[in-house]
């Protein structure tokens, strides 16, 4: 029996995903635990492994399809079973398309043609009624046996919007039941005194036609906004509309940090098995500052401020060779309890697994503060957007040698800009400034190993 590839439950809040691409095609041999399909959710992109070895017999969910948790994505058959099948699903589909499809019998029409094997001929319009016949006494006969209507009565009826049908319901006191002027005037008085029925509800507005799809012009490409990119757009729009963003900027002299890294990066990797980058120092300095300034680590919920005395540090990681695959924020949990070496190890691990799309949903949830490092690709300054519902986000930017004044003398120093965006509903400028000064002092005085 073929083994089904099932859409797994990737997290408590994940109920569906999107097939990004199949890493294997129908007829390809697969090995157990070998990645065969990439799934995109609103939290992470991940590659699903094959549940068994064999041949990918049939793909049940095409690329771009949205699939639910528990849904079958593909079937994997043993090599013997695949050979015995003989015809691949792709061939079957091609044969089905090549088979001529007989034309169904004509559908019996009910509304327009009255029903029958052949459409019935539309009945010609009825002959118009003969015009009223004028009489010598000034009255009018309709030619249908109706009572006579005098010109005076007809004029009054027209002035008051009385139709012929309504006029025929008025009891007439004239000869042969003819409606007289007194009859129609009495009828109008009775109608005016009677309670008026409630006006009929206005008809619902006609639905607006759907907007025509955008057609690309020459040299353009249309890419649907789906999956992670769509979630990022919605999340950041909500954050920008909710929080009152303010950004404060400060410069830091990173001479001691640069010198330490250059002197110890090789020995650090040999001793601890992990590369020594600048980011762990920024995470450590920021974490220590959050313990001193806990409102930076808080959340505003309704009329309550939830202050956290622990730090789950989210670190933004760009995906794709050029960052075109979106942004993910893995979390270093309980960063306040970890040493610089622990942070360096965990940071490298979660960043690698995020880029390889093997990180779990739980590892990108629950951050209390976010650090983003645009300086790694040369950015000098920016205004990061708060990761809602957090209160602030710190951006660390490129280290660049600059001339600065020290003791009234010009010196060349490696300088870095820190940009702190924060929610002004909770945090004032002075509090934010002191928080940045705490980080600045930790880096410039190199307090990491004290």
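Of 33, 253, 349, how do they rank once you tally other Cβ atoms within 10 Å and put the fewest first?
33, 349, 253
Using only alpha carbon pairs under 8 Å that are at least six residues apart, calculate the relative contact order of region 280-333 and give it in whole percent.
Relative contact order of region 280-333: 25 percent.
Give, in nm to one decimal, the length gained when the segment between residue 304 and residue 163 is fully stretched (0.36 nm per residue of separation minus the Cα-Cα distance).
Extra length available between residue 304 and residue 163 comes to 44.0 nm.
Give me Rg/Rg_expected for region 242-444, where Rg uses Cα atoms only and Rg_expected = 2.2 N^0.38 Å with N residues.
Against the empirical 2.2 N^0.38 Å value, I get 1.02 for region 242-444.
Taking every pair of alpha-carbon atoms in region 370-422, give the share separated by more than 18 Å as a whole percent.
Roughly 42 percent, once rounded to a whole number.
Take the Cβ-Cβ distance between residue 292 and residue 218 as r, set R0 to 35 Å, and report the resulting FRET efficiency rounded to the nearest 0.05.
Step by step, r from the Cβ atoms, then E = 0.05.
Taking the Cβ of each residue in 230, 31, 440 as the centre, tally the other Cβ atoms inside 10 Å and list the residues starting with the fewest.
31, 230, 440
Among DSSP beta bridges lying fully in region 242-444, give the percent that are antiparallel, nearest 5.
Of all bridge pairs located within region 242-444, approximately 80 percent are antiparallel.
Taking the number of other C-beta atoms within 10 Å as the exposure measure, put 397, 278, 310 in order starting with the fewest.
In order of increasing Cβ crowding within 10 Å: 310, 278, 397.
By per-residue mean of other Cβ atoms within 10 Å, what is the highest-first order of 54-62, 75-83?
Ranked from most to least packed, the peptides come out as 54-62, 75-83.
What is the list of residues in region 234-260 whose amide nitrogen lies under 17 Å from a point 7 angstrom out from the Cα of residue 404, following Cα to Cβ?
Only 249-260 fall inside the zone, counting backbone N under 17 Å.
Bear in mind that the values in this text are calculations on the coordinates, not laboratory data. Note that the structure is a prediction, hence the values are computed from the model and not measured. Cβ atoms come from the backbone with ideal geometry, glycine included; neighbour counts cover every protein chain shown.
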